[in-house]
1. Testing Ala110 on (1) of a type in the set (Gly, Ala, Ser); (2) loosely packed, with under 14 Cβ neighbours inside 10 Å; (3) touching a helix residue (DSSP H, G or I) at 6+ places or on another chain (Cβ under 8 Å), one condition comes back false. Which one is that?
2. Name the residue, out of Glu121, Glu42, Glu133, that is open to solvent by 20 Å² or more (accessible area, probe 1.4 Å), under 15 Å from the mean Cα position of the chain (by Cα), in contact (Cβ under 8 Å) with a residue 12 or more places away in the chain and within 22 Å of Lys19 (Cβ to Cβ).
3. Within the set of pairs 6 or more residues apart or between chains, which connect a residue that is in contact (Cβ under 8 Å) with a residue 40 or more places away in the chain and surrounded by fewer than 21 Cβ atoms within 10 Å (Cβ to Cβ) inside the range 54-78 to a residue that is part of a strand (DSSP E or B) and charged (D, E, K, R) with Cβ atoms less than 8 Å apart?
4. I'd like to know if the range 39-48 contains one or more residues that are of a type outside the set (Gly, Ala, Ser), within 18 Å of Ile128 (Cα to Cα) and at pLDDT 95 or above.
5. Please go through the range 3-60 and pick out each residue that is in a loop (DSSP other than H, G, I, E, B), farther than 23 Å from Trp108 by Cβ and not acidic (Asp, Glu).
6. Tell me yes or no: at least one residue of the range 28-36 is more than 20 Å from Ile128 (Cβ to Cβ), under 14 Å from the mean Cα position of the chain (by Cα) and either without any contact (Cβ under 8 Å) to a residue 24 or more places away in the chain or buried (at least 18 other Cβ atoms within 10 Å of the Cβ) (or both).
7. Given Ile91, Ile104, Ile83, which one is part of a strand (DSSP E or B), hydrophobic (A, V, I, L, M, F, W, C) and open to solvent by 70 Å² or more (accessible area, probe 1.4 Å)?
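The values are calculated or read from the model by the stated rules, or taken from the named source; none is laboratory data. Please read all numbers here as calculations on a predicted model, not as lab measurements. Glycine also receives a Cβ, built like all others from the backbone with ideal geometry; neighbour counts cover every protein chain displayed. Side chains included, ligands, DNA and RNA excluded: accessible areas come from the protein's heavy atoms. Shrake-Rupley method; radii C 1.70, N 1.55, O 1.52, S 1.80 Å.
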Amino acid sequence: MTQNGIVLVVSVSILHEDKLLMIKENKESVKNTWNFPSGRIEYGEDILDAARREAKEETGYDVQLTATTGIYNFISSTNHLVILFHFTGEIIGGSLLLNATEIIDSKWIAPTDLLIPNLMELRDKAVIIQITENLISQKEYSLALFNRYYGDIPRPIDFSNEVTIMSR
């Protein structure tokens with residue numbers, strides 16, 4: 001989704017047996033670059049639903065989201081201001097089926113391999129490295145940040161009955 005010149009994007013690190021699934025882009029503006037399964041959030045779409053949808057569309061896998069590594073703000077390789085919501089996930093169904101119009105190839109790699117200079121041509125390299133460093137150091141946060149139905153979130157304090165005294 002694009003709003004006020006900002007592109008809202010979700011991406012997912014699909015993890016399986018200590019490996020991470022990377023996809024090779026086939027879109028003209030980013031052709032032959034490696035990325036996490038990702039895409040734009042559609043208008044009115046829940047962020048978590050968008051992440052699961054994009055993972056399915058680009059890989060064929062049904063994914064259960066497990067955590068988030070954070071929210072990243074950057075100028076993309078296509079010169080867009082991007083706010084990226086990145087998640088981790090596990091395969092719960094489906095099978096590898098790449099959408100050939102968008103994805104050329106896929107590869108399971110160790111997360112540390114993404115830190116090897118020039119091993120792969122990464123799309124938006126700086127943010128992929130930042131996400132990878134968070135994955136390796138296990139800097140993950142609860143999905144409850146995005147949806148109150150994940151985990152126990154304290155209820156907001158009700159101040160409606162409080163009296164406020166203001167002095168000048």
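1. All conditions are met except number (3).
2. Values: Glu121 fails: under 15 Å from the mean Cα position of the chain (by Cα); Glu42 fails: within 22 Å of Lys19 (Cβ to Cβ).
After applying the criteria, what remains is Glu133.
3. Once the first residue is in contact (Cβ under 8 Å) with a residue 40 or more places away in the chain and surrounded by fewer than 21 Cβ atoms within 10 Å (Cβ to Cβ) and sits in the range 54-78, its partners that are part of a strand (DSSP E or B) and charged (D, E, K, R) give Thr66/Glu90.
4. Here is the first cut: in the range 39-48, the ones of a type outside the set (Gly, Ala, Ser) are 40-43, 45-48.
Adding the requirement that they be within 18 Å of Ile128 (Cα to Cα) leaves 40.
From the residues that got through so far, the ones that are at pLDDT 95 or above too are 40.
Yes; the residues of the range 39-48 include at least one that is of a type outside the set (Gly, Ala, Ser), within 18 Å of Ile128 (Cα to Cα) and at pLDDT 95 or above.
5. We begin by selecting, within the range 3-60, every residue in a loop (DSSP other than H, G, I, E, B); these are 4-5, 17-18, 26-27, 31-33, 36-37, 41-46, 60.
Subsequent filtering for residues that are farther than 23 Å from Trp108 by Cβ retains 4-5, 41-46.
Of everything in the range 3-60, those that are in a loop (DSSP other than H, G, I, E, B), farther than 23 Å from Trp108 by Cβ and not acidic (Asp, Glu) turn out to be Asn4, Gly5, Ile41, Tyr43, Gly44.
6. no
7. Numbers: Ile91 fails: open to solvent by 70 Å² or more (accessible area, probe 1.4 Å); Ile83 fails: open to solvent by 70 Å² or more (accessible area, probe 1.4 Å).
Only one candidate qualifies: Ile104.
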